[in-house]
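Here's the structure, in structure tokens; my notes come after.
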Amino acid sequence: MLSRFVRFLDERTGSAPFARKALRYLFPDHWSFLLGEVALYAFIVLVATGVYLTLFFHPSTAVTTYHGSYAPLRGMQMTEAYRSVVDISFDVKAGLLIRQTHHWAADVFVAAIVLHLMRVFFTGAFRKPRELTYVIGVLMLLLTLPEGYLGYSLADDLLSGMGLAIGYAVALSFPIIGANLALLIWGGPFPGDGTFWSRMYVMHVFVLPILIGTLLAVHLALVASRHHTQFRRKDRQSERRILGIPAFPGQAPRSLALFFSVAAVLFLLGGLVQINPVWLWGPYHVGESTNGAQPDWYLGWLIGALRLVPHFDVVIGDRTLVPNPFWGGALFPMVVFGALFIWPWLERRVTGDRRAHNVLDRPRDAPWRTAIGAGFLTWVFLIFFAGAADRIYVFLGISYISQIWAYRGLVIVAPFIVLFVTRKVCLALQRAEAIEAEQEQAEHEAARAEAAAT
Amino acid sequence: MTRKRFLKGAAGAAGAALGAALVVPAVSLGPALDTESLYYSPWYRGRRLVDENGRPYRADDISTTTFYTAYPENVDHEVLAAPIVVVRIKPDRIDLPASRAGWAPEGILAYSKICTHGGCAISEYRKPLFPPTSPEPAFVCPCHYSTFDPATGGSVIYGPAGRNLPQLPLMIDHAGELRAAGDFNDPVGPSFWGVRSGGPT
């Protein structure tokens, strides 16, 4: 039966040689290679749940009165967009499960990409011949941020409206062209004309997902064509030798199990752990806002940066060259992503290492890279945590103002301390290893001498 | 000219023409060059202040213990310059610039509700700093904690905002109701290239 099916396919597509190669593809046998797979499976869950949500969501800002089953909102004026999200949550069977799973999957998706990126960075997997794979990966991470932002903005609840207001302020803050840019995007001054919601919608459900999906396919094709990188193993490893387990029967069932696990965890989260209860926030109005507002975690670094910048606009004559939100909301992410994009070439220029690398470094093998990466991460994560200073004030009572001053100092000093310490640790680990190897060798020789003597 | 160079030039010209042609549909997205709408305000002398249900505010409604959100009468509330915050402060505490004499009848002051940093609405009126330095309440935006002092003309006393909160001059009519006595002193909302230029140019 199976062989007849395979023959049917092969005779019509000529796929047998390709399939044979694919089934024999060797996967490295280490858990850290699965982080990217987690992101891939979260993306599949996102697409599946997202398509379901489009069947019920209305991307419209037409004003309507709520008559659904959630009593506290009944009789309230709201947009079609917000009403349809409340309806999905209360009146569509399984709607809330799918909506919350979609939201959780987005959070896990970005987290998995970031962890995957850290693995790739700290092991030097981005080096020749894999720079393109790496750049496409960073580009996908960059695209997931507006994708997620637009996703929770579409709901038109109070929190999402506040997020859009900040996005508008950041667009306005671009030097010289900001006002024109913001008016083009919003179709007029905030909160935008009637076409703005359809613009967000088509970006969120069509343009960005297609871009991410296409880049994903190219990313995977490049991984397979250059083959996975390998961790160094004693004695048996060389740059030209591949060790691992075959796609079939080794990796395929593992990978399938990982897919089911990711999907199971996401649906469990979606079913059991409340996320973004939009019916509690209420509909957005320009003149309303709420305290304790936080974006989804992957935009936390931007709110932190916006809050850390001291109050000033750069003014020349009667022209405002750099409005304040530009520093934290635009320049900061541009610097972070700029650094990520150019790193492979920067490292190559500094080290002068132009060879191809299929065997990975361990973090200690490249002390400077590991140290700079750790310092960079410290910088971004401190700014991320600064965005949560108001929550710390609520929970622990530490003055918000003192926290912000502490963070302003820390984001300048701490990265360099971490960089210095990390480099020392790497070098110490290298030395310890050299000593251990020496010891082993000596023991070996002693044992041999003893054996010879008896 | 060689054939290769000719073809290269032709391809370049075709690409440039195509790029230029894309500008036309792109400018349809919004008022690309005309930024006048960013300076729009529905307020003018005589316009009544109403609450979110359209009920006019009387001067006697305004107590010193809280803040009130008001809108211009008969105007869409979803316009950025529409919502304002109204507070009453003991007149001896008020320290406005000399040019704003008479803007705060009976110690009642009105400011734009939209933060000049991120564009969120101000939703708090509380003691922002440590009691010894600032015993009186001020406006706080919950997005990035920009804090504005109503007693001194909406000046920034904390947080990332780079511009003071625009103030709306008030008057009390013969019926005791609050009305605007003019327009804001400054454009409402987050800063942009021309925000300090005194109007659309």
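The values are calculated or read from the model by the stated rules, or taken from the named source; none is laboratory data. If you're wondering where the values come from, they're calculated on a predicted model, not measured in any experiment. Reconstructed Cβ throughout: ideal geometry from the backbone, glycine too, with neighbour counts over all protein chains shown. The accessibility values were calculated without ligands, DNA or RNA, using every heavy atom of the protein model including side chains. Shrake-Rupley method; radii C 1.70, N 1.55, O 1.52, S 1.80 Å.
Worth pointing out:
- Cα pair distances in segment A:362-446, grouped into 5 Å bins until the bin that holds the longest one, percent each: 3, 15, 16, 13, 11, 10, 9, 7, 5, 4, 3, 2, 1
- Take the Cβ atoms of A:Leu55 and A:Leu143, set R0 to 22 Å, and the FRET efficiency comes out at 0.35.
- In this structure, the amide hydrogen of B:Asn185, modeled 1.01 Å from its nitrogen in the peptide plane, lies closer than 5 angstrom to those of B:Gln167, counting only residues at least 5 positions away or on a different chain.
- For segment B:151-165, 3J(HN,Hα) per residue [Karplus equation, 6.51 cos²θ - 1.76 cosθ + 1.60, θ = phi - 60°, Hz, x = Gly/Pro]: 6, 10, x, x, 6, 6, 10, 6, x, x, 4, x, 9, 5, 6
- Sequence of B:Lys90, A:Lys93, A:Lys424, A:Lys128 when ordered by accessible area, the most exposed leading, probe 1.4 angstrom: A:Lys93, B:Lys90, A:Lys424, A:Lys128
- At R0 = 25 Å, FRET efficiency that the Cβ-Cβ distance of A:Ala434 and A:Leu115 yields, to 0.05: 0.25
- Taking amide H atoms as placed 1.01 Å from N in the peptide plane, the amide H of A:Gly188 lies under 5 Å from those of A:Asp193, each 5 or more residues away in sequence or on another chain.
- Estimated distance in nm for a label pair at B:Asp60 and A:Val47, the labels positioned 7 Å out from Cα along Cα-to-Cβ: 6.8
- Estimated FRET transfer efficiency (A:Trp297, A:Phe8; beta-carbon r; R0 51 Å; 0.05): 0.60
- Between the exposed loop cleavage positions of chain B, defined as chymotrypsin sites (Phe, Trp or Tyr not before Pro) in a non-H, G, I, E, B DSSP state with at most 16 neighbouring beta-carbon atoms within 10 angstrom, the longest gap is B:45-201.
- At q = 0.10, 0.12, 0.16, 0.19 Å⁻¹, base-10 log of I(q)/I(0) for chain B (Debye sum, equal scatterers on each alpha carbon): -0.48, -0.63, -1.01, -1.35
- Candidate residues A:Tyr407, A:Tyr66: accessible-area rank, largest first, probe 1.4 Å: A:Tyr407, A:Tyr66
- Shape call, chain A: gyration tensor on alpha carbons, a/c limit 1.5: oblate
- Spin-label pair A:Ala252/A:Val314, simplified geometry with 7 Å Cα→Cβ offset, distance in nm: 5.8
- Segment A:Val413-A:Leu396, extension gain: residue separation times 0.36 nm, minus the distance between their alpha carbons: 3.7 nm
- Between the residues A:His116, A:Tyr41, A:Val6, the greatest Cα displacement towards the positive end of the dipole of segment A:1-121, with unit charges on the Cβ of Lys, Arg, Asp and Glu, is found for A:Val6.
- Alpha carbon centroid spacing (whole Å) that separates segment A:149-202 from segment A:284-313: 15
- Long-range amide H partners of A:Asn291 with built H, under 5 Å: none
- Taking trypsin sites (Lys or Arg not before Pro) across segment A:175-265, the ones in a DSSP loop with at most 14 further Cβ atoms lying within 10 angstrom of their Cβ are A:Arg232, A:Arg233, A:Lys234, A:Arg236, A:Arg240, A:Arg241.
- Solvent-accessible surface (1.4 Å probe) assigned to A:Asp318 amounts to roughly 70 Å².
- Inter-probe distance in nm under a simple model that places probes 7 Å from Cα toward Cβ, at B:Tyr44 and A:Ser15: 7.1
- Going by accessible surface with a 1.4 Å probe and the largest first, B:Val24, A:Val421, A:Val314 read B:Val24, A:Val421, A:Val314.
- Annotation: cysteines of the protein assembly as shown without a disulfide-compatible partner (Cβ-Cβ under 4.7 angstrom) are A:Cys426.
- Phi to ³J(HN,Hα) by Karplus 6.51 cos²θ - 1.76 cosθ + 1.60 over segment A:326-337, Hz, x for Gly, Pro: 4, 4, x, x, 10, 5, 4, x, 5, 5, 4, 6
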